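Undergrad: Questions regarding the structure given below will be posed in turn.
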Amino acid sequence: ERRQRIYEARRKAEKAQREEYREALRKLAVAGKIIPSTRWRNIEDVVCEEPSYGPVEEQGREIPREIFEDFVDDWNDDYKSDRSRLRDYWRKAKSKIKLSPETKYGDFTEALLDAVAESSDSYSTARRIVSREEPVSSAKLYFDELVLEAKEGPSRSRRGRKDDDSSEDEGEIIEDGEIEDGEEVD
């Protein structure tokens, strides 16, 4: 019975440590340091600085990375689902607002909601997407993409997005004997 109490206490403490670590990831997402397509190798140094990282790593060397990957994978799944709807809503809203780097997020969401106001289903879905803040609204992420596209042009802003057909390991080293795209084979 004593061993069982010790085991349960340790299990609760470890669960609390993992939740504190997830909260640190949420804060990094709100700060814009993590987005749904962020890879562990690109953010590991930043995450390791978090005070909640150490106790979770003591639970297992790979646990912080696994929690991070679950966090961004779940967030990316939600974003992909919302993004396709947002794209449709944006097509309708384009006539109501000209998007530029100076456009305010509130103006963007207002134009989206106005564009779909005639359909109660679309309006309630758009409202849900705009209102959901866990960890960052999909509408805010999509708005940031559109603003980046307005600043840099469509080809620059699309590079590296996870839903593209690009390789996750873009820029990897070409091994001897491998052929790069566009190279002719002799």
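Undergrad: Report, by residue number, each residue of segment 113-125 that is of a type outside the set (Ser, Thr, Tyr) and exposed (fewer than 15 other Cβ atoms within 10 Å of the Cβ).
TA: Ala117, Glu118, Asp121
Undergrad: Test Asp77 against the criterion of being more than 13 Å from Arg18 (Cβ to Cβ) and acidic (Asp, Glu), and give yes or no.
TA: Spelling it out, Asp77 is indeed more than 13 Å from Arg18 (Cβ to Cβ) and acidic (Asp, Glu).
Undergrad: Taking the condition of being of a type outside the set (A, V, I, L, M) and under 13 Å from Val56 (Cα atoms), how many residues in segment 13-37 meet it?
TA: Final tally of qualifying residues: 9.
Undergrad: Just to verify a result, which residue in segment 27-41, among those that are open to solvent by less than 50 Å² (accessible area, probe 1.4 Å) and not in a loop (DSSP other than H, G, I, E, B), is nearest to Asp82 (Cα to Cα)?
TA: Ala29
Undergrad: Can you pull out the residues in segment 42-68 that are assigned to a helix (DSSP H, G or I) and open to solvent by 60 Å² or more (accessible area, probe 1.4 Å)?
TA: Within segment 42-68, Asn42, Glu44, Asp45, Glu57, Glu58, Arg65, Glu66 qualify.
Undergrad: So, in segment 77-112, exactly how many residues are touching a residue at least 24 places away in the same chain (Cβ under 8 Å), over 16 Å from Leu141 (Cα atoms) and open to solvent by less than 30 Å² (accessible area, probe 1.4 Å)?
TA: Residues that pass the stated criteria total 0.
The values are calculated or read from the model by the stated rules, or taken from the named source; none is laboratory data. From a predicted model like this one, the values you see are computed outputs, not experimental measurements. Backbone-built Cβ (ideal geometry, glycine too); neighbour counts: all protein chains shown. SASA here: full protein model, heavy atoms, side chains in, ligands and nucleic acids out. Shrake-Rupley method; radii C 1.70, N 1.55, O 1.52, S 1.80 Å.
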